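Derivation of every value follows stated rules applied to the coordinates shown; laboratory data play no part. Predicted model only: the values in this text are computed from it and were never measured. Heads up, the Cβs are rebuilt from the backbone with ideal geometry, glycines too, and the neighbour counts pull from every protein chain shown.
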Amino acid sequence: MRLNVKKMSFVVFICFLFFIPNSILAQEILHNGSQGQAVYDLQENLRKMGYFNRQPTGYYGSITDHAVKQLQQDSGILPDGVFGFQTQQKWRSSRRNL
């Protein structure tokens, strides 16, 4: 009986992993020095929101850092310039309300 409970728990755990939305697993903390598609997408969205006045480059430098700090300040988050979990959550919820 005990073996069946362990097997069932394992099966439930594996099923849970397959049904977690990719966006939850793919959340990446972006900061000064980061680069890639996630940074490019962030810059493009910041540009659309009026926080980033350049063409996206995919490199998280001082201009992106400043833009994220401004977004954080406007959102009531401690402006540390890191696009981490708290900033991402606040940003996503504000985009849904647009």
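A few points about this structure:
- For G61, neighbours were defined as the other residues whose beta-carbon sits under 15 Å from its Cβ, and their charges (Lys and Arg +1, Asp and Glu -1) total +2.
- Rotationally averaged projected area of segment 49-98 (alpha carbon convex hull; nm²): 3.6
- Theoretical gain in end-to-end length, N53 to L78 [0.36 nm per residue, Cα-Cα removed]: 6.8 nm
- Think of each Lys and Arg Cβ as +1 and each Asp and Glu Cβ as -1; about the Cα centre, that makes the dipole of segment 34-87 roughly 140 debye.
- Spin-label model distance (nm) - N45 vs K90, 7 Å beyond Cα toward Cβ: 1.4
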